[in-house]
Amino acid sequence: MAVEKAHILQRVMEMFIAEGIRSVRMDDIAQRLGVSKRTLYEMFGDREGLVYEAMLGYVRQAQEEHEALVAGAHDVLEELFLVLEHMVDHSTEARHVTENLRKFYPSVWDKMSVWNMAYHREKMRERLQKGIAEGLFRDDVNVELAISILYATSTALMGDSGIVIPDGMTEHDAFVQTLECFFRGISTPKGEALIERYRREYKFGK
């Protein structure tokens, strides 16, 4: 049953992405996946439980993709470029899914936000501390404040925050420029040199 459940969650998430969370009914899922509605309710309790588990799988998959991306990175700045590039590439899809979730399943959104924020804050804490140890970030940086600023800015730019993006600038460009300014601000001369190098090597920042 574990394999079957994982398959159902993957297919359901594909339907959510393509059609929107609200538009996909339990009847649609049962029909397309060839299972009964009773089976779905036995596995997930109710529709909200199914949405939560599908979203949890979606977020965990993104986290696993990030970890795989950074496995061969030479330093923490390359790790950050790789992860942020992935986030930018998938920002339209992620925004579509999260806006649907926040609007139609606020309790699931709240649970996912707490869980996801804790994960990303811990990962950023590790990377900032690693960057300081590598001599890429200044050692007088307050790590906890930097995490809060970066997380708030990133989520604001990728969500419906009311931030006005100037005419002629895309959301992608605004996101890139803001994050580049942040990392330049906390970098040592050694770190700044690597930022210039990775801007040339990766499409992030171009």
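The values are calculated or read from the model by the stated rules, or taken from the named source; none is laboratory data. Quick caveat: nothing in here was measured; it's all calculated off a predicted structure. All Cβ positions, even for glycine, are placed from backbone atoms using ideal geometry, and neighbour counts span all protein chains on display.
Here are the numbers for this structure:
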quantity	calculated
Count of residues meeting criterion [among the hydrophobic types (A, V, I, L, M, F, W, C) and within 19 Å of residue 71 (Cβ to Cβ)] in the range 114-132	1
Those residues of the range 8-32 which are of a type in the set (Lys, Arg) and outside any loop (DSSP other than H, G, I, E, B), in sequence order	11, 32
Answer from 45, 57, 20, 34 - the residue that is on the phi > 0 side of the Ramachandran plot and in contact with a helix residue (DSSP H, G or I) (Cβ under 6 Å, 6 or more places away or on another chain)	20
Conditions (1) over 22 Å from residue 23 (Cβ atoms); (2) touching a Leu at 6+ places or on another chain (Cβ under 8 Å); (3) without any contact (Cβ under 8 Å) to a residue 40 or more places away in the chain: number failed by residue 141	(3)
Odd one out for residue 35, checked against (1) part of a helix (DSSP H, G or I); (2) free of Cβ contacts under 8 Å to residues at least 60 places away in the same chain	(1)
One residue from 8, 17 being under 23 Å from the mean Cα position of the chain (by Cα), of a type in the set (Val, Ile, Thr) and more than 22 Å from residue 106 (Cα to Cα)	8
Top-ranked residue in the range 179-188 [being at pLDDT 85 or above and in a helix (DSSP H, G or I); ranked as surrounded by the most Cβ atoms within 10 Å (Cβ to Cβ)]	183
Qualifying residue in the range 132-149 (condition: under 13 Å from the mean Cα position of the chain (by Cα) and either buried (at least 18 other Cβ atoms within 10 Å of the Cβ) or aliphatic (A, V, I, L, M) (or both))	no
Selected residue (only one of 77, 128 is at pLDDT 95 or above and aliphatic (A, V, I, L, M))	128
Residue within the range 143-155 that is part of a helix (DSSP H, G or I), at pLDDT below 90, among the small types (Gly, Ala, Ser) and out of contact with any helix residue (DSSP H, G or I) (no Cβ under 9 Å at 6 or more places or on another chain) present	yes
Meets criteria (within 18 Å of residue 85 (Cβ to Cβ), surrounded by 12 or more Cβ atoms within 10 Å (Cβ to Cβ) and either of a type in the set (Ser, Thr, Tyr) or at pLDDT 80 or above (or both)) for residue 175	no
